[in-house]
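Asker: Below are the structure tokens for one structure; questions will follow.
The values are calculated or read from the model by the stated rules, or taken from the named source; none is laboratory data. All values derive from a computational prediction rather than experimental measurement. A quick note on method: Cβ atoms are made from the backbone with ideal geometry, for glycine too, and the neighbour counts reach across all protein chains shown. The protein model used for the area step is the full one, side chains on, heavy atoms only, and it has no ligands, DNA or RNA in it. Shrake-Rupley method; radii C 1.70, N 1.55, O 1.52, S 1.80 Å.
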Amino acid sequence: MEAAALAASAPSERTRLTLGGQVGYGVGQIAGQIFRDIPSLLLLFFLTNVVGMDVALAGAAIFLPKLVFGVGSDFAVGMLSDRLKGRVPRRYWLLVGAVLAPLALTLLFRVPDGDNAQRAAWVIVTFSLYMMVFATFSVPYLAIAGELASNERQRTVLMAWRLVFTAVGVLTAGAVAPALVEQFGGGADGYRQMAVVLSVIASASLLLAFFGIGRKADGAQGTFATPPLRFGAMAGLFAQRRFASLFAANFLQLTGSGMGYATMLYFLTYQSGRADALQVIGVIILSACAGIIAAQPFWVWAAGRFGKPRAFIAGSVIYALSYMVWLLLADQPIWVAYLLAFTAAIGNSGWTVIGFSMLADIAADDADHSGLYSAAWIAADKIAFALGGTLLTGLVLSAFGFDAARAVAGLPQSESAVLGVGLAFGLIPPVLTLIGAAIIGIWARKYPPVG
């Protein structure tokens, strides 16, 4: 990435970050991505194929803490970080996450022997702790962005760096973690040792962010008045048209993204007919990460040249078309999949970075509640990704007759089941993404942003 493309705008801005500060902020996202992706990619498989838990029970034991403790912790941390920011600057929450991350990650993969009920209880308790630790650093980390940067371009630049390190986190969770499990001999011990290594990486990224952001963040946060702690403030967020529209669009798109993510292995196996799906998906993730990193200078430029709503819509269209074309070309050589993963990631990173930047703009205009905005955004990420990646995916595949027993035996699925896989991967996610883009288009025409 060219440093000039990601440099902040006017040097006279009081809160302008240096290039080092921008990178220092972005590196914290490695921890956020590890905590976001490890449960999605590995935890369910670990519980069913290594621990031996019933799949339905294991799925419920993961989903319920995410829904209850995940969302509850997000809003609690959001309100507290708003309330206490005059005395406890937000970057100090990153230290709390750095200390607790190893405990949360390692306990998650140390399920004791026992019956299904005992194991489920362990997962519910440890995953609830995991969600609370995740909230302690992820919510303040996002809220810091609106306080570090003092204009819209700086916020876009800051979020672009966040997306660069999102790619690093995706690689760590999606490629390094499975490789570590194999390196450590597989089985329960392999997963436990993998969790230890990833916990060190997560803690290190949070510490680097804490020191990289530096005291400039403390000063920025200290300039705001301390707001009263009011639970009614949560409802007030959604009374604002700007936030309500952006939230709705983001929720739909994350639901679709979660669906596409969860069904990719199914798509490669049944639509593309690849017996090596587990091997090629690593290269697909690598291609997607390359697309994310390569696209950031372009999206910073596009947001400044055409405006954030138009850039958001453009990214959504690129993402949606990539998945639709992928569905049509499912039986083509694997390099086609690598190319489409690259273009889809360009689009995905567009609506993601612009969405984060627009959120930071909104939070900057209502600085007393920036923690709450971040909490709502991260809660939406958790709920939508789980909704698309577990509940809706399961319902669609089940409705079209996907047979798990045949899958375990290595037998082919029915034509109807294969059709359902294609819809869940290459049609429903793009449709949800385009609906989200339409919401932003309508909002931008009716209620154009100020400034």
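Asker: Suppose we look only past 15 Å in the calculated P(r) of the stretch 86-138. What percent of the Cα-Cα pairs does that tail hold? Provide the component values of the computation, followed by the final result.
Answerer: Working: 715 of 1378 pairs.
Here the long-distance tail beyond 15 Å is 52 percent of all Cα pairs in the stretch 86-138.
Asker: Return one quarter of the surface area of the convex hull spanned by the alpha-carbon atoms of the stretch 328-451, equal to its mean projected area, in nm². Walk me through the intermediate numbers first.
Answerer: Details: hull surface 41.4 nm².
About 10.3 nm², averaged over all directions.
Asker: Accessible surface of Val176 in the full protein assembly, 1.4 angstrom probe, to the nearest 10 Å²?
Answerer: That residue has around 60 Å² of solvent-accessible surface.
Asker: Need the full-extension length gain, Gln240 to Ala399, defined as separation in residues times 0.36 nm minus the C-alpha distance. One decimal, nm.
Answerer: Using 0.36 nm per residue and subtracting the Cα-Cα distance, I get 53.5 nm.
Asker: Same structure, new question: Jot down the per residue volume, in cubic angstrom and as a whole number, of the convex hull over the alpha-carbon atoms of the chain. If you can, show how the numbers build up before the last one.
Answerer: Values: hull volume 60.4 nm³, N = 451.
Per-residue hull volume (Cα only) is 134 Å³.
Asker: May I pose another question? Mind giving me the nanometre distance, one decimal, between the label points for Leu419 and Ala294, set 7 Å out from Cα along Cα→Cβ?
Answerer: Label at Leu419, label at Ala294, 3.6 nm between them.
Asker: Can you tell me the relative contact order of the chain? Whole percent, Cα pairs under 8 Å, sequence separation 6 or more.
Answerer: On the way: 729 pairs, mean separation 112.5, N = 451.
Across the chain, relative contact order equals 25 percent.
Asker: Just read off the accessible area of Lys382 with the full protein assembly in place, 1.4 Å probe, to the nearest 10 Å².
Answerer: 10 Å²
Asker: Would you please give the FRET efficiency between Gln118 and Asp189, computed as 1/(1 + (r/R0)^6) with r the Cβ-Cβ distance and R0 = 30 Å, to the nearest 0.05?
Answerer: Working: r = 20 Å, r/R0 = 0.67.
E between Gln118 and Asp189, to the nearest 0.05, is 0.90.
Asker: Related question: Going by average Cβ neighbours within 10 Å, how do the peptides 104-111, 160-167 rank, with the highest at the top?
Answerer: For the peptides 104-111, 160-167, the packing ranking is 160-167, 104-111.
Asker: Carbon and sulfur atoms: what percent of the 1.4 Å accessible area of the chain do they account for? Numbers along the way, then the final one.
Answerer: Working: 12060 of 17860 Å².
For the chain, the apolar C and S fraction of the accessible surface comes to 68 percent.
Asker: Another one. Can you give the direction-averaged projected area of the convex hull of the alpha-carbon atoms in the stretch 110-209, in nm²?
Answerer: On the way: hull surface 30.4 nm².
If you wrap the Cα atoms of the stretch 110-209 in a convex hull and average its projections, you get 7.6 nm².
Asker: For the Cα atoms of the chain, what angle does the longest principal axis make with the long axis of helix 370-386, in degrees from 0 to 90, nearest 10?
Answerer: 10 degrees
Asker: Return one quarter of the surface area of the convex hull spanned by the alpha-carbon atoms of the stretch 306-367, equal to its mean projected area, in nm². Before the final figure, lay out the partial values.
Answerer: Numbers: hull surface 17.9 nm².
Value for the stretch 306-367: 4.5 nm².
Asker: Just the accessible area for Met259, please: 1.4 Å probe, Å², rounded to the nearest 10?
Answerer: My reading of the accessible area for Met259 is about 0 Å².
Asker: Shape verdict for the stretch 326-401, please, from the Cα gyration tensor: rounded (a/c under 1.5), prolate (a/b greater than b/c) or oblate. Walk me through the numbers on the way to the answer.
Answerer: Numbers: a/c = 5.09, a/b = 1.65, b/c = 3.09.
Because a/c hits 1.5 or more and a/b fails to exceed b/c, the stretch 326-401 counts as oblate.
Asker: Let me ask another. Probe radius 1.4 Å, ligands and nucleic acids left out: which of Asp113, Asp74 has the largest accessible area, and how do the rest follow? Let's see the in-between values first.
Answerer: Details: Asp113 145, Asp74 0 Å².
Largest accessible area first, the list is Asp113, Asp74.
Asker: Report the label-to-label distance for Arg445 and Leu265 in nanometres (one decimal), using points 7 Å from each Cα along the Cα→Cβ vector.
Answerer: Distance between the two pseudo-spin positions: 4.3 nm.
Asker: What does the net charge come to around Gly420 if you take all other residues with beta carbon closer than 15 Å to its beta carbon, with K and R at +1 and D and E at -1? Let's see the in-between values first.
Answerer: On the way: positive: Arg406; negative: Asp403, Glu415.
Spelling it out: positives minus negatives among the neighbours equals -1.
Asker: May I pose another question? May I ask you to give the solvent-accessible area per residue for the stretch 301-354, in square angstrom, as obtained with a 1.4 angstrom probe?
Answerer: Working: 2320 Å² over 54 residues.
Accessible area per residue: 43 Å².
Asker: How far apart, in nm, are the 7 Å Cα→Cβ label points at Val200 and Leu411?
Answerer: About 4.7 nm separates the two model spin labels.
Asker: Mind checking the full-extension length gain between Arg305 and Val125? Use 0.36 nm per residue of separation minus the Cα-Cα distance, one decimal, nm.
Answerer: On the way: separation 180, 0.36 × 180 = 64.80 nm, distance 4.85 nm.
The Arg305-Val125 span can extend by a further 59.9 nm.
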